[in-house]
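The values are calculated or read from the model by the stated rules, or taken from the named source; none is laboratory data. Computed from a prediction, not measured in an experiment: that's the story for all the values here. Using ideal geometry, Cβ is built from the backbone for each residue, glycine included, and neighbour counts are taken over all protein chains shown.
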Amino acid sequence: MSSESALLEALNGSIDTSGYFVDTNIFSFSYRNSAGDVCKPKVLYANSNVLKSFQYFETCVFTSNCV
């Protein structure tokens, strides 16, 4: 299967009947201050099915945190 068709399949499978697409938040930090501490977290919103369609993420375990 080509990477393009794998991505299309993952995208089609990622949208459930509610239309909700985002189920994964990846937090990263935009810079370090002069003391070396990480600052200003930013969020990258993604879908775990789409991420798993890429080799880098295929062995990752995605968990849901319900509040």
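Here's the yes/no breakdown for (1) outside any helix (DSSP H, G or I); (2) at pLDDT below 75:
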site	(1), (2)
Ala6	no, yes
Asp16	yes, yes
Gly19	yes, yes
Phe29	yes, no
Ala35	yes, no
Leu44	yes, no
Asn49	no, no
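Among what's in segment 32-47 and is among the polar types (S, T, N, Q) and free of Cβ contacts under 8 Å to residues at least 12 places away in the same chain, pick the residue that is nearest to Asn12 (Cα to Cα). Looking at residues that are among the polar types (S, T, N, Q) and free of Cβ contacts under 8 Å to residues at least 12 places away in the same chain, I get Asn33. Considering (1) surrounded by 10 or more Cβ atoms within 10 Å (Cβ to Cβ); (2) under 17 Å from the mean Cα position of the chain (by Cα), the lone condition that Val38 does not fulfil carries the number (2). Summed over segment 55-67, the residues that are at pLDDT 80 or above and surrounded by 11 or more Cβ atoms within 10 Å (Cβ to Cβ) give a count of 1.
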